[in-house]
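Student: One structure coming up, written as structure tokens, with questions to follow.
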Amino acid sequence: MKTYFISSDIHSFYDEWMGALKDSGFDISNPSHTVVVVGDLYDRGNQAVECYKFVKKLNDLNRLIYIRGNHEDLLFDCVNELQQTGGCASPHHWSNGTMDTVIQLKQAGLLNEVLYFIKDNAINYYELGDYIFAHAGLPLKLKYKDGKPILVVSKEASEEEFKKHRWDNPIENLKKGELPSNKTMVIGHWHCSALWSYLYPDKYGDFDGYENRPYNFDICKMNNLIMIDACTAYSGRVNVLKINEKGEILQPWIK
């Protein structure tokens, strides 16, 4: 039976990712093991080259599902800006770590290869049973099933709409009910501490709020939302969610 090992927001922290995959039981020699990257493979860390070579190997083995994140978009935006300005990048490309990624990949002679790899292989979302993997939000449309209104992914949405939703705040989407009605979303982009803080405000703090309470970066589930981003650049860890081909979560503590 196939097992999917799902991570997000690796941000070029290859060693931490490999440690997390090993701890979760991933075996690259096992043909039933597939890795899912829920966006933001690059930026912030210093192992962009190692991350790329690993996903390329997985892709060659037909054992990679690669969801496009906002940092994949930033990489294209940064390269386009460098070409248009003759080598000048906006401050946000430095603060987001995108210029560091460009430098790492360019020095290795891999920049164009990585851009083509993303263009050819990264997708907006992936559905597996009752789950849908996406980086953050998705464009939705209203549909009726058995006479009841539900929200489903708008497959007719433009690439620009998908790109815009890769910057969504999932907590706000949760509050406003702007999540697919018929699926549980598995997302990255927004660190898990935000959902833990929303669920248990007296116990946990939200990393973005810099609150004087502990941050919890474990995988967190609420209703039809699962957040897996461990804020690796801060926490030094990567989360791995395991789901089999039947759509069963293989970690019993994630309810």
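Student: Below 8 Å, C-alpha to C-alpha, sequence gap of six or more: please give me the relative contact order for the range 20-126 in percent. Each step should come with its number before you reach the end.
Tutor: Numbers: 110 pairs, mean separation 34.6, N = 107.
Reported as a whole number, the value is 32 percent.
Student: Counting other Cβ atoms within 10 Å, keep those with at most 12, restrict to DSSP loop, and tell me which chymotrypsin sites (Phe, Trp or Tyr not before Pro) in the range 117-217 are left. Could you put the intermediate results ahead of the total?
Tutor: On the way: sites: Phe117, Tyr125, Tyr126, Tyr131, Phe133, Tyr144, Phe162, Trp167, Trp190, Trp196, Tyr198, Tyr204, Phe207, Tyr210, Tyr215, Phe217; in loops: Trp167, Trp190, Tyr204, Tyr210, Tyr215, Phe217.
Hits after loop and neighbour filter: Tyr210.
Student: Also, quick follow-up: Hey, any idea what the orientation-averaged projected area of the convex hull of the range 60-103's Cα atoms comes to, in nm²? Don't skip to the answer; put the middle values down first.
Tutor: Values: hull surface 15.5 nm².
Average projection, Cα convex hull of the range 60-103: 3.9 nm².
Student: Okay, moving on. With label points built 7 Å along Cα→Cβ from the Cα atoms of Asn80 and Glu172, find their separation and express it in nm.
Tutor: About 2.3 nm separates the two model spin labels.
Student: Suppose every K and R has +1 on its Cβ and every D and E has -1 on its Cβ; what is the size of the dipole of the range 135-255 about the Cα centre, in Debye to the nearest 20? Write out the running numbers ahead of the final one.
Tutor: Details: 18 positive and 16 negative charges, 83 e Å.
Dipole size: approximately 400 debye.
Student: Counting every Cα pair in the range 1-59, what percent are over 17 Å apart? Display every interim value, and only then the final one.
Tutor: Working: 547 of 1711 pairs.
So the pairs more than 17 Å apart make up 32 percent of the total in the range 1-59.
Student: Within the range 168-200, name every residue whose backbone N is under 16 Å away from a label modeled 7 Å from Cα of Lys145 along the Cβ vector.
Tutor: What the label zone holds, given the 16 Å backbone N cut-off, is 178-186.
Student: What does the charge count near Lys145 come to, summing +1 for each Lys or Arg and -1 for each Asp or Glu among other residues with Cβ under 15 Å from its Cβ? List each step's numbers first, then the result.
Tutor: Numbers: positive: Lys141, Lys143, Lys148, Lys183; negative: Asp130, Asp146.
That sum, taken over residues with Cβ under 15 Å, equals +2.
Student: According to the Kirkwood expression over distinct Cα-Cα pairs, how big is the hydrodynamic radius of the range 160-255, in Å? Intermediate results must be reported in sequence, preceding the final value.
Tutor: On the way: mean 1/r = 0.0706 Å⁻¹.
Averaging 1/r across every pair of different Cα atoms and inverting gives 14.2 Å.
Student: Angle check, please: helix 70-85 long axis (alpha carbons) against the longest principal axis of the chain (alpha carbons), in degrees 0 to 90, nearest 10.
Tutor: 30
Student: To continue, here is another question. Carbon and sulfur atoms: what percent of the 1.4 Å accessible area of the range 211-250 do they account for?
Tutor: Looking at the range 211-250 in its full context, I get 40 percent from C and S.
Student: Out of every Cα-Cα pair in the range 107-203, what percent are more than 15 Å apart?
Tutor: On the way: 3185 of 4656 pairs.
Considering the range 107-203, 68 percent of its Cα-Cα pairs are separated by more than 15 Å.
Student: How long is the gain from Met222 to Tyr198 if the chain were fully straight, where each residue apart is worth 0.36 nm and the alpha carbon distance is subtracted?
Tutor: Length gained, Met222 through Tyr198: 7.7 nm.
Student: Continuing with the same structure: Less than 10 Å Cβ to Cβ from Arg63, Lys/Arg counted +1 and Asp/Glu -1: what total charge do the surrounding residues give? Let's see the in-between values first.
Tutor: Values: positive: Lys2, Lys57; negative: Asp60.
Residues near Arg63 contribute +1 overall.
Student: Give me the lysines in straight-line cross-link reach of Lys221: C-alpha distance below 22 Å, same-chain residues under 8 apart excluded.
Tutor: Straight-distance partners of Lys221: Lys175, Lys176, Lys183, Lys203, Lys242, Lys246, Lys255.
Student: How much accessible area per residue does the range 103-219 have, in Å², with a 1.4 Å probe?
Tutor: Values: 6460 Å² over 117 residues.
Accessible area per residue, the range 103-219: 55 Å².
Student: Select from the range 99-193 those GluC sites (Glu not before Pro) which occupy a DSSP coil region and have at most 16 other Cβ atoms within 10 Å, ordered by residue number. Spell out each step's value before the answer.
Tutor: Working: sites: Glu113, Glu127, Glu156, Glu159, Glu160, Glu161, Glu172, Glu178; in loops: Glu156, Glu178.
Here the GluC sites (Glu not before Pro) that fit, given the DSSP loop and packing criteria, are Glu156, Glu178.
The values are calculated or read from the model by the stated rules, or taken from the named source; none is laboratory data. Not measured: the values here are computed from a predicted model. Counting neighbours? That spans all protein chains shown, and the Cβs are built from the backbone with ideal geometry, glycine included. When the accessible area is computed, the model is the full protein with side chains, heavy atoms only, and any ligands, DNA or RNA have been set aside. Shrake-Rupley method; radii C 1.70, N 1.55, O 1.52, S 1.80 Å.
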